[in-house]
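Each reported figure results from applying straightforward, stated rules to the coordinates on display, with no laboratory input. Quick caveat: nothing in here was measured; it's all calculated off a predicted structure. Because the Cβ atoms are built from the backbone with ideal geometry, glycine has one as well, and the counts that use them run over all protein chains shown.
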Amino acid sequence: MYKTLEPSYKNGRIVEMENKLAEYTKINSELAEKISDLEKVKQEQKKFIKEVKHFEHSYGKMAGMNQKISEAKAHSKTLAQLVRTVDKDLRLQHENTQVLKQKVIKMREII
């Protein structure tokens with residue numbers, strides 16, 4: 001069939017095919033650029049994920065430290081309550097000692 005076609009038609013088809021080839025080459029080039037951009041984005045995502053994991057690890061440590069701080073505060077409150085109780089007991093004991101001293105002094109006076 002091509003043998004019977006005129007040379008100008010063949011040249012037109014060749015030009016048309018070359019134009020399509022150039023168009024596809026351009027599209028392939030654009031796709032290669034987009035793939036390159038996607039690879040860069042992928043690398044950035046990997047970096048971001050790594051940072052997030054590091055943050056989660058640090059946050060986990062912080063949460064553990066916050067738990068320990070909360071426990072220490074609770075323990076501190078308990079100790080403060082015990083100190084107040086002991087302080088009250090010491091004051092009462094001191095008052096009782098003073099009362100006993102007064103009684104001893106009175107008993108000596110009586111004797």
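For the stretch 43-52, the Karplus equation 6.51 cos²θ - 1.76 cosθ + 1.60, evaluated at θ = phi - 60°, returns couplings of 5, 4, 4, 4, 4, 5, 4, 4, 5, 5 Hz by residue, with Gly and Pro reported as x.
If the chain were replaced by its equivalent ellipsoid, with semi-axes equal to the square roots of 5 times the Cα gyration tensor eigenvalues, what would those be, largest first, whole Å?
Working: eigenvalues 2139, 10, 8 Å².
Semi-axis lengths for the chain are 103, 7, 6 Å.
Taking Val83, Val41, Val99 in turn, the Gaussian network model of the chain (Cα-Cα springs below 10 Å) assigns the largest fluctuation to Val99. Taking θ as phi - 60° and the Karplus parameters 6.51, -1.76 and 1.60, the scalar couplings of the stretch 86-102 work out to 5, 4, 4, 4, 5, 4, 4, 5, 5, 4, 4, 5, 4, 4, 5, 4, 4 Hz in sequence order, x denoting glycine and proline. Within the stretch 18-68, none of the GluC sites (Glu not before Pro) combine a DSSP coil assignment with at most 13 other C-beta atoms in a 10 angstrom radius. Lysine pair count for the stretch 26-83 (Cα-Cα distance under 19 Å; residues 8 or more apart in sequence or on different chains): 10.
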